[in-house]
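S.K.: Submitted below is the structure of interest, expressed as structure tokens.
The values are calculated or read from the model by the stated rules, or taken from the named source; none is laboratory data. Every value quoted in this text rests on a predicted model; they were computed, and no experiment measured them. Counting neighbours? That spans all protein chains shown, and the Cβs are built from the backbone with ideal geometry, glycine included. Remember, those area values only see protein heavy atoms, side chains included, never the ligands or the DNA or RNA. Shrake-Rupley method; radii C 1.70, N 1.55, O 1.52, S 1.80 Å.
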Amino acid sequence: MTMSRRGLIGASAVGAGLLASAARAGEGATTLSKPCVISTWDFGIAANQAAWAVLSKGGRALDAVEAGARIPEQDLKNHSVGRAGYPDRDGHVSLDACIMDEQGNCGSVAALEHIAHPISVARRVMEKTPHVMLVGAGALQFALEQGFPREELLTDESRAAWEAWKKDAKYAPRANSENLDYRQTSGQLGTPGGAGNHDTIGMLALDAAGNISGACTTSGMAWKLRGRVGDSPIIGAGLYVDNEVGGATSTGVGEEVIRNVGSFLVVELMRQGRSPEEACKEAVARILKKKPAARDFQVGFLAINKRGEVGAWAIQKGFSYALCDAGKQDALLPGASFY
Ligand code: SD4
């Protein structure tokens, strides 16, 4: 792992102040050696280590990102991915995930309920069906047919948070509301898309053969409308990989990412010669240009190119990403940001 002008933060040394002060623009590139894996947010460290167990034995990037994504999916303390995720407005835990490999194969599930590992269902969609995306009741039916157990994913803690939110929730947008304000969905969780609300994991891995794969999994925006799907299961929005170029993934308010087909944009900008950080910065700038009010929300992009160069950019400070290669398996960096 090589860095220029920006020091790595060991997992134990990370504090909010350190992250904030380190989150300055254009502080140089981080380059990982292959194999390697990167993930959004601090809980990406544990996910990366599960992926590393695959990569370090010469395993495939696709297997690595699936193994990694399953870690936060089963983490009962993580309320934004998988089991124990915060429910939608009506109390249903509804999960979104997608996966993509170096050949452009991809699979996705959206609004999937009662299945603890949506990333593995997304992989089955990719490998066992001629389709890319299954949603809602159909996705659940497919998962059950594939042998995934049906489970209750709403934990007591998540139910209690939902009950507390309902007490003074003013969130009842019309389906086509032009005034939908994400802040009303967030309530006590703080900035929409920020660390307190959205904690999607997006993972990108390069294996020893140099092939790239990615995975993205989330319970989406807490207290969302029933049926709402974010960017995370949408190929090109929440995740995109291209074995000629590299890969990108996103976290934060998914509507803003979908509008700009964010991860595809980042990869295409890298194809045109931008560094991962420059490409992520431009994708965030597009969001803000189209909708200046998005500065009140959080969206972050994370990208890696085929040379192992890594970069990230977010609207607001507070975004972080975890890096792992043979040199260091528990590194965490702050994402540079506009605000
Ligand atoms: C969504 N992008 O559903 C996801 C949520 C998220 O960090 O990123 N959380 O919009």
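S.K.: Which lysines, on any chain, are close to LYS317 with Cα under 26 Å apart, when same-chain ones fewer than 8 places away are left out?
M.R.: LYS77, LYS224, LYS281, LYS289, LYS290, LYS291, LYS328
S.K.: Applying the Karplus parametrisation 6.51 cos²θ - 1.76 cosθ + 1.60 with θ = phi - 60° to the phi angles of the range 207-223, what ³J(HN,Hα) value in whole Hz is obtained for each residue in order, glycine and proline being reported as x?
M.R.: Result, ordered by residue: 8, 4, 7, x, 7, 10, 9, x, 9, 8, 8, 6, 9, x, 5, 4, 6 Hz.
S.K.: Same structure again: Determine the per residue accessible area of the range 33-337 with all protein chains present and a 1.4 angstrom probe, expressed in square angstrom.
M.R.: With the other protein chains kept in place, the range 33-337 gives 36 Å² per residue.
S.K.: Still on this model: HN-Hα J couplings of the range 110-126 from phi, Karplus 6.51/-1.76/1.60, θ = phi - 60°, integer Hz, Gly and Pro as x?
M.R.: 9, 6, 8, 10, 6, 10, 6, 10, x, 5, 6, 5, 4, 5, 5, 4, 5
S.K.: While we're on this one: With an 8 Å Cα cut-off and a minimum separation of 6 or more residues, compute the relative contact order for the range 33-337 in percent.
M.R.: 23
S.K.: Ignoring ligands, DNA and RNA, please state the percent of accessible area on the range 41-96 from carbon and sulfur, probe 1.4 Å.
M.R.: So the carbon and sulfur contribution to the accessible surface is 50 percent.
S.K.: I would also like to ask the following. Just tell me which aspartates and glutamates come within less than 13 Å, Cα to Cα, of LYS57; anything on the same chain fewer than 8 places away is out.
M.R.: ASP207, ASP325
S.K.: Quick check for you: which residues of the range 142-164 have the amide N under 19 Å from the point 7 Å beyond the Cα of THR129 toward its beta carbon?
M.R.: Within reach of a label on THR129: 142-151.
S.K.: Using the Karplus curve 6.51 cos²θ - 1.76 cosθ + 1.60 with θ = phi - 60°, work out ³J(HN,Hα) for each residue of the range 133-149 in order, rounded to whole Hz, and write x for Gly and Pro.
M.R.: 9, 10, 10, x, 4, x, 5, 5, 4, 4, 4, 5, 4, 7, x, 6, x
S.K.: How much FRET efficiency would the formula 1/(1 + (r/R0)^6) give for ARG271 and LYS57, where r is the Cβ-Cβ distance and R0 is 35 Å, rounded to 0.05?
M.R.: 0.70
S.K.: What residues qualify as long-range amide H neighbours of LEU95, i.e. H under 5 Å apart, gap of 5 or more or another chain, H built at 1.01 Å from N?
M.R.: ALA111, LEU112, GLU113
S.K.: How large a share of the accessible area of the range 213-279, in percent, is made up of carbon and sulfur atoms when the probe is 1.4 Å and the other protein chains stay in place?
M.R.: 49
S.K.: Show me, bin by bin at 20 Å from 0, the whole-percent P(r) of the range 33-337 based on Cα pairs.
M.R.: Percent of Cα pairs in each bin: 39, 57, 4.
S.K.: A further question follows. Note down the magnitude of the dipole of the range 33-337 about its Cα centre, charges +1 on Lys and Arg C-beta and -1 on Asp and Glu C-beta and zero elsewhere, to the nearest 20 debye.
M.R.: In total the dipole reaches around 540 debye.
S.K.: Output the peptides 105-112, 88-95 sorted from most to least packed, where packing is the average of other Cβ atoms within 10 Å over each peptide's residues.
M.R.: Highest to lowest by the protection proxy: 105-112, 88-95.
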